[in-house]
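Down below is the structure, laid out as C-alpha cells.
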Amino acid sequence: MERTLVIVKPDGFARGLTGEVLRRIEAKGYTLDTLQIMTADRDRLAQHYAEHEGKPFYQPLVDFMASGPATFAIVSGHRVIEGFRAIAGATDPTAAAPGSIRGDLGRDWGLAVQQNIVHGSDSPESAEREIGIWFAQR
Ligand code: GDP
Ligand code: MG
C-alpha cells in the first residue's frame, strides 16, 4: 500500500479547514495512519523544501509554514500520492479546478507565497523522505 505525507498548512489550520481536508481524504477511501498538530521548525522546513531553495518564493514559504500550527498526516491507499494531488488541485489556488481542495477553498491573496491549504508528496521517494523528516520511525 502506498503512503504520502499530507500537511494542512497554517492557513488551512487557522481557517478551521483541517476537518474538511481530512473528511475529503477519508471520503475518497484513503486511510489516516498518523496525525500530528505542530508548528513546524525552520530546520526541518529547510530539509522538506530543499528543492525550492533559491527560488523567489522560498523564504516566504518557509516563513509561512513556520507561522503557526499545521496538521501533519501520513495517509495510505492505492495510488494515494497521485490521488491526493488530484484532490488537492493545482498549486495556484486561482487556477485550481473547482471541486479540488485548493479550487474550492484556496484564496489568492496575491502574497509572495501561495497559501494553498495543503501539501502532498509528489513521488514515493519524496513521500518516504518527507515522512522521515517529520515522523520518527514510522
Ligand atoms: P506543490 O507540490 O503543488 O505544493 O507545489 P511546489 O512543490 O511546486 O511548491 C511548494 C509550495 O510553494 C506551493 O504549495 C506553494 O505554497 C508555493 N509556491 C510554489 N510555486 C509558487 C509560485 O510560483 N509562486 C508563489 N507565490 N508560491 C509558490
Ligand atoms: Mg511539491
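All of the numbers you see were taken from the coordinates with simple rules; none came from a lab. For clarity, every value in this text was computed on a predicted model and none was experimentally measured.
Looking only at 23, 102, 85, which one moves most when the chain is put into a Gaussian network model with springs between Cα atoms under 10 Å?
Highest fluctuation among the options: 23.
Which residue fluctuates most in the GNM of the chain (Cα springs below 10 Å): 110, 83, 19?
110
Which residue fluctuates most in the GNM of the chain (Cα springs below 10 Å): 120, 29, 12?
Of the options given, 29 has the highest mean-square fluctuation.
Can you tell me the mean projection area, over all orientations, of the convex hull of region 2-134's alpha carbons? Units nm², please. Before the final figure, lay out each step's value.
Numbers: hull surface 28.4 nm².
Mean orientational projected area (region 2-134, Cα hull): 7.1 nm².
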